[in-house]
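Each reported figure results from applying straightforward, stated rules to the coordinates on display, with no laboratory input. Here the structure is a predicted model, which means the values were calculated and not measured. Note that we place each Cβ from the backbone using ideal geometry, even for glycine, and neighbour counts take in every protein chain shown.
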């Protein structure tokens, strides 16, 4: 019985120590526009080398609920490359008739992108954000012409 209690104590200590290894996070809010108009909805992803990615929702052009580990906890304090995705609601699912050999439309699962695809990848988006301790406000101005090269 004592051995079980000791094992449990060691495990709990190890788990508690692991939680303290999380990086410093900071709250992030901001805006995303496409050609000067608020992006109606989508997702923004913050990626910094050596850290877990953080994601937030875009609602009526506003960045909300940026999360790394727990809902709304923010993004790691670091310099980030940023990706934005925004897909239209997909059309009705197309079920292929196995006898006809027809494939469903390419966008039946994800919907058509509302923005140029270059913004979907942090390596091609041209978007960056320096997240510092405290509250952060970021602004991303997208263009229907796509990211600047």
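Placing dummy labels 7 Å off each Cα toward the beta-carbon, the span from residue 53 to residue 133 is 2.9 nm.
Spacing of the modelled spin labels on residue 124 and residue 22, each 7 Å from Cα toward Cβ, amounts to 3.4 nm.
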